[in-house]
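So the structure is just underneath, and the comments pick up after that.
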Amino acid sequence: AQTVTQSQPEMSVQEAETVTLSCTYDTSESNYYLFWYKQPPSRQMILVIRQEAYKQQNATENRFSVNFQKAAKSFSLKISDSQLGDTAMYFCACNNNDMRFGAGTRLTVKP
Amino acid sequence: EAQVTQNPRYLITVTGKKLTVTCSQNMNHEYMSWYRQDPGLGLRQIYYSMNVEVTDKGDVPEGYKVSRKEKRNFPLILESPSPNQTSLYFCASSLSQWGNEKLFFGSGTQLSVL
């Protein structure tokens, strides 16, 4: 089964600045899918962005974008123009018929 | 509204007292799954189900049971809860377990076993 590693337990950023959350994964499959989920204090799990491994182009959703490096098995999340509402736990996940999550990064956006 | 309904939201119980956490989805999803979330460990899969009457163990199935008698319902059963099962639990569903399908999550159940 695949494994997902998030090496930054906690991060902080000033409002309006840019922050990058790291994620690496390990899988023996050639076809898989990668996700970032956000969990605000409400505990709700919200899909932020997803990427198909066979696509070269990095996914983008408004202020959120990824840097997908397939050879390095890296899938980082960049948040531009950080807002107070971005304060949350962020989970990276990998799916190849079995979704696996990382340990999470707690992001705090400071005013 | 498309949703996964999970109850209860909070539960405090004592060691050994059987409990059930209910999960229901109204999206006709085939795939359903239970996760537990613990600090520093992220979400770990307990059990999953690819369809009615089909269930399989995830990474941490010990001490848990599930059933999938109807497509919409996927209850999590703790026959004899122990303190190490104190955790935040999530039910989730998706159209299928394959590929790019988004997981829809319930609102979570914070369980404390004393």
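Overview of results
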item	result
Extension gain from B:Lys102 to B:Thr5, taking 0.36 nm per residue of separation minus the Cα-Cα distance	33.3 nm
Note, ³J(HN,Hα) from phi for region A:79-86, Karplus 6.51, -1.76, 1.60, rounded to Hz, x at Gly and Pro	10, 9, 6, 3, 10, 4, x, 7
Of all accessible heavy-atom area on the protein assembly as shown, the percent that carbon and sulfur account for (1.4 Å)	47 percent
Relative contact order of chain B, pairs being alpha-carbon contacts under 8 Å that are 6 or more residues apart, as %	36 percent
Loop-located GluC sites (Glu not before Pro) in region A:1-103, at most 14 other Cβ atoms within 10 Å (DSSP)	A:Glu15, A:Glu17, A:Glu29
Phi-based couplings in Hz for region A:47-55 (Karplus 6.51, -1.76, 1.60; Gly and Pro marked x)	6, 9, 6, 9, 9, 7, 5, 7, 8
Residues whose placed amide H lies under 5 Å from that of A:Ile49, excluding near-sequence neighbours	A:Trp36
Centre separation in Å (Cα based) which lies between region A:1-65 and region B:29-102	22 Å
Summed side-chain charge close to B:Leu78 - residues other than B:Leu78 whose Cβ falls under 14 Å, Lys, Arg +1, Asp, Glu -1	+2
Chain A, relative contact order in percent, only Cα pairs under 8 angstrom and at least six apart counted	39 percent
Net charge contributed by nearby residues that have their C-beta within less than 15 Å of B:Arg36 (K/R +1, D/E -1)	+2
Where chymotrypsin sites (Phe, Trp or Tyr not before Pro) fall in DSSP loop in region B:1-110, at most 16 other Cβ within 10 Å	B:Trp98
Most mobile listed residue (A:Arg100, A:Arg63, A:Arg50) in chain A, GNM with C-alpha springs under 10 Å	A:Arg63
Counted charge near B:Ala2, where neighbours are those whose Cβ lies closer than 14 Å (Asp, Glu -1; Lys, Arg +1)	0
Per-residue HN-Hα couplings for region B:47-63 [Karplus 6.51, -1.76, 1.60; θ = phi - 60°; Hz; x = Gly/Pro]	8, 9, 9, 8, 5, 4, 6, 10, 10, 8, 6, x, 7, 10, x, 4, x
Prolate/oblate/rounded call for region B:8-53, Cα gyration tensor, a/c under 1.5 rounded	oblate
Qualifying trypsin sites (Lys or Arg not before Pro) for region B:1-86 [loop in DSSP, other Cβ within 10 Å: at most 13]	B:Arg9, B:Lys17, B:Lys18, B:Lys69
Rounded to the nearest 20 debye, dipole of chain B from Cβ charges on Lys, Arg, Asp, Glu	240 debye
Shielding by other protein chains, B:95-108, mean Cβ within 10 Å	5
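The values are calculated or read from the model by the stated rules, or taken from the named source; none is laboratory data. What you see is a predicted model; the values in this text were computed from it and never measured. All Cβ positions, even for glycine, are placed from backbone atoms using ideal geometry, and neighbour counts span all protein chains on display. Just so you know, the surface numbers come from the protein's heavy atoms only, side chains and all, with ligands and any DNA or RNA stripped out. Shrake-Rupley method; radii C 1.70, N 1.55, O 1.52, S 1.80 Å.
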